[in-house]
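The structure appears right after this line, and notes come after that.
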Amino acid sequence: MLLGTATGQWRTIGLRLLATNMHATSNGPSPKRSLGLADVVALESSIASVDGTRGELVIRGYAIDDLARETSFEEVAYLLWHGALPGRRELRELCEYLRAERTLSPMVLDVLRLTPEDASPMAAVRTSVSALAHFDAEADDMSREANYRKAIRLTARIPTVIAAFDRIRKGKEPIAPSNAGSTAENFLYMLTGKEPGPSAKQALDAALVLHTEHGLNASTFTARVIGATLADIYSAITGAIGALKGPLHGGANIKVMQMLLEIDRSRDDPSEYVRKRLAAGERIMGFGHRVYRTIDPRAKVLRSMLEALGEEHDNHTWATYCDHLVKTMASEKGIAPNVDFYSAPVYYLLGIDPDLYTPLFVMSRITGWTAHLLEQWTNNRLIRPRASYIGPHNLRVPPITTRSGLIA
Ligand code: ACO
């Protein structure tokens with residue numbers, strides 16, 4: 001109930017500001033402002049905790065680096081949905097369920113075939129996820145059981161959508177999903193038609209774990225806002241994908257790789273490159289975070305993965321560029337890298353096209369989004385903040401014949 005906590009946050013559950021957080025004006029109570037909702041606590045959640053000062057991300061009580069080291073993507077999906085890590089039997093059942101749900105309806109494949117080949121893969125995923133709803137008989141069933149089944153279906157099918165779109169746009173036939181293997185393994189197989197090696201499988205699996213969940217970020221908030229109107233899960237996830245697409249959120253990973261490739265092509269000194277961009281008033285993608293005031297813990301794990309993959313591929317170019325960029329950003333701006341900074345070169349070393357990096361984020365974050373929706377619906381409250389109106393008041397409507405309009 002409180003506002004103004006020790007950490008300087010405001011608690012406004014459902015974003016309804018409580019009476020003590022308002023002061024009266026002639027126009028009625030005027031809520032406190034927090035532009036961009038920075039530091040506003042809008043709801044209670046037992047899914048993840050992000051400590052921006054200490055650089056910690058904890059999911060259902062477990063540190064993210066422990067999860068990345070010790071568990072698989074499927075185990076974390078179970079953890080997110082059920083609140084506890086699975087035992088052997090639960091994990092086997094979940095994996096079987098996921099494998100059984102990987103196949104797309106032929107109509108969704110038709111949607112992908114009709115999508116222009118130069119469409120952004122994020123736009124293709126967004127449209128296809130919306131289309132998946134038409135072929136799910138439970139799309140509008142809001143029971144908890146049906147929503148859980150849909151969370152599994154979405155998690156199983158999104159990798160198939162991404163791989164199928166990538167092949168179709170390259171003039172190849174989509175590869176039917178395997179009914180064996182992990183999400184990471186099957187995705188790499190559907191993308192290339194080849195069984196991936198153990199290190200590629202393991203690296204992608206760990207990257208998926210790292211991207212599963214991150215508190216009330218922009219896309220998760222979007223999902224919860226839509227879910228809180230009691231719209232269906234497909235509507236909420238379609239909106240969340242739209243939010244993740246933006247370069248200030250998940251879309252940054254594509255921009256990071258474009259930047260690294262540009263540095264490589266131009267043979268620019270990476271530090272000089274950063275200085276020039278900063279001097280031109282540009283942002284350097286993959287740096288900065290609304291919550292972290294230090295390095296993002298996921299970036300630390302991905303940095304080690306980049307090192308290991310670079311060793312294996314005998315390619316240290318990207319790690320070297322990254323080191324220069326990190327040093328220069330620290331000295332010029334005091335800003336640390338975020339998850340998108342290192343995921344980009346890691347995926348590049350796995351041979352994945354840069355414009356698929358944000359769709360890969362969707363493939364993982366679908367678990368966090370759906371866990372949040374299940375949580376939202378257990379104790380739903382409409383999320384409805386206010387805007388501070390800064391326009392005119394008391395205007396009279398003139399007859400149209402006397403209006404000059406905006407075009408002279
Ligand atoms: N490059 C250069 N300067 C930056 C960067 C950056 N990447 N990030 C923040 N800054 C600067 C801003 O210019 C601003 O400086 P000013 O006060 O002199 O104007 C200051 O730091 C604060 O920036 P804000 O935009 O107010 O910080 P906010 O919390 O709103 O931004 C954000 C967070 C959007 C992530 C920002 O750091 C950014 O644009 N980063 C680049 C995009 C990116 O990597 N996004 C991925 C984030 S992780 C994720 O979503 C999965």
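The values are calculated or read from the model by the stated rules, or taken from the named source; none is laboratory data. As the structure is a prediction and not an experimental result, all values here were calculated from the model. We place every Cβ from the backbone using ideal geometry, glycine too, and count neighbours over all the protein chains shown. Heads up: the accessible areas ignore ligands, DNA and RNA and are worked out on the full protein's heavy atoms, side chains in. Shrake-Rupley method; radii C 1.70, N 1.55, O 1.52, S 1.80 Å.
Remarks
- Some residue of segment 329-343 being open to solvent by 10 Å² or more (accessible area, probe 1.4 Å) and of a type in the set (Val, Ile, Thr): yes
- Checked against the criterion of being of a type in the set (A, V, I, L, M, F, W, C), modelled with pLDDT of 95 or more and over 23 Å from the mean Cα position of the chain (by Cα), segment 360-370 has no qualifying residue.
- Residue match in segment 297-319 (condition: farther than 19 Å from residue 250 by Cα, open to solvent by less than 20 Å² (accessible area, probe 1.4 Å), at pLDDT 95 or above and within 14 Å of the ligand (Cβ to nearest atom)): no
- In segment 242-276, the residues that are part of a helix (DSSP H, G or I), among the charged types (D, E, K, R) and more than 8 Å from the ligand (Cβ to nearest atom): 245, 262, 264, 265, 272, 275, 276
Residues checked against (1) within 22 Å of the chain's Cα centre (by Cα); (2) farther than 23 Å from residue 224 by Cα; (3) surrounded by fewer than 22 Cβ atoms within 10 Å (Cβ to Cβ); (4) free of Cβ contacts under 8 Å to residues at least 24 places away in the same chain:
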position	(1), (2), (3), (4)
64	yes, no, no, no
79	yes, no, no, yes
93	no, yes, yes, yes
130	yes, no, yes, no
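- Checked against the criterion of being within 24 Å of residue 68 (Cβ to Cβ), aromatic (Phe, Trp, Tyr) and not in a loop (DSSP other than H, G, I, E, B), the candidates 234, 189 yield just one match: 189.
- Residue in segment 108-125 that is open to solvent by 30 Å² or more (accessible area, probe 1.4 Å) and touching a Leu at 6+ places or on another chain (Cβ under 7 Å) present: no
- Checking each residue in segment 277-315 for being over 16 Å from the mean Cα position of the chain (by Cα), small (Gly, Ala, Ser) and part of a helix (DSSP H, G or I) picks out 279, 304, 308, 310.
- Residue 173 touching a Lys or Arg at 6+ places or on another chain (Cβ under 7 Å), among the acidic types (Asp, Glu) and assigned to a loop (DSSP other than H, G, I, E, B): yes
- Residue in segment 17-39 that is among the acidic types (Asp, Glu), closer than 26 Å to residue 220 by Cα and at pLDDT 95 or above present: no
- So residue 281, is it under 26 Å from residue 48 (Cβ atoms) and small (Gly, Ala, Ser): no
- Residue 358 vs. criteria within 12 Å of the ligand (Cβ to nearest atom) and over 22 Å from residue 304 (Cβ atoms): yes
- Listed by first and then second residue, the pairs linking a residue in segment 217-230 that is in contact (Cβ under 8 Å) with a residue 60 or more places away in the chain and part of a helix (DSSP H, G or I) to a residue that is among the basic types (Lys, Arg) and away from the ligand (no atom under 16 Å from the Cβ), with Cβ atoms under 9 Å apart and 6 or more places separating them unless they lie on different chains, are 225/384; 228/381; 228/384.
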